[in-house]
1. For the chain, what are the DSSP H helices with axial Cα length of 30 Å or more and mean Kyte-Doolittle hydropathy of at least -0.5?
2. Calculate what fraction, in whole %, of the accessible area of region 59-108 sits on carbon and sulfur atoms when a 1.4 Å probe is rolled over the protein chains.
3. More than 16 angstrom separation, counting every C-alpha pair in region 55-108; what % is that?
4. In whole percent, what relative contact order does region 1-41 give with Cα contacts below 8 Å and a gap of six or more residues?
5. For the chain, compute Rh as the Kirkwood radius over C-alpha pairs and then the Stokes-Einstein diffusion coefficient at 4 °C and 1.567 mPa s; write the answer in µm²/s, rounded to an integer.
6. Please compute the per residue accessible area over region 20-82 with all protein chains in place, 1.4 Å probe, rounded to a whole number of Å².
7. When only C-alpha pairs under 8 Å and at least 6 residues apart count, what is the relative contact order of region 1-111, in percent?
8. What is the set of long-range amide H partners of Val71 at a cut-off below 5 Å, with H atoms built 1.01 Å from backbone N?
Amino acid sequence: MIVSPAEMRCLCEYMGLSAKWLAARWGVTDYSVQRWERNRILPDSLAQDLADLEVEFNQIVAREIERRADVILVPRTDDEALEGKPAAWWRAIAHRVREDTDAMIVYYSDDVRVDHEPQA
């Protein structure tokens, strides 16, 4: 599987994955990930992992769209994030779900009224 630098960057931005997070996941330096985003072809094993992440991302989006929740809870920080994914991953999923459902996106720690207004 060949993933061009531009395709890699697009996928990472789409899924909310930073070079720092990918470097930690893949056991490489941030610089290596940045190089692959700029002008190097991603190694096959890492390209497969990125493709697997995209499948997982899209499956979660589809599941959440089907749920049709009025409110989507997202982490504010990586420390609050679930399943070892960065907070930006979950916010990107929430944004995609919102495009199809008009659900309101709120942070875990925010109180929410039924009428979709955050409490003061």
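1. On the way: long enough: 44-67 (34 Å, -0.33).
The answer, listed by residue number, is 44-67.
2. Values: 1320 of 3000 Å².
Whole-percent figure for carbon plus sulfur exposure: 44.
3. Details: 492 of 1431 pairs.
Here the long-distance tail beyond 16 Å is 34 percent of all Cα pairs in region 55-108.
4. Details: 28 pairs, mean separation 22.4, N = 41.
Across region 1-41, relative contact order equals 55 percent.
5. Details: Rh = 15.4 Å.
Translational D for this selection: 84 µm²/s.
6. Values: 3900 Å² over 63 residues.
Per residue, region 20-82 has 62 Å² of solvent-accessible surface.
7. Numbers: 124 pairs, mean separation 31.4, N = 111.
About 28 percent, as a whole number.
8. When sequence neighbours closer than 5 places are left aside, the close amide H contacts are Met104.
The values are calculated or read from the model by the stated rules, or taken from the named source; none is laboratory data. What you see is a predicted model; the values in this text were computed from it and never measured. No Cβ is skipped: glycine too gets one built from the backbone with ideal geometry, and neighbour counts run over all protein chains shown. Remember, those area values only see protein heavy atoms, side chains included, never the ligands or the DNA or RNA. Shrake-Rupley method; radii C 1.70, N 1.55, O 1.52, S 1.80 Å.
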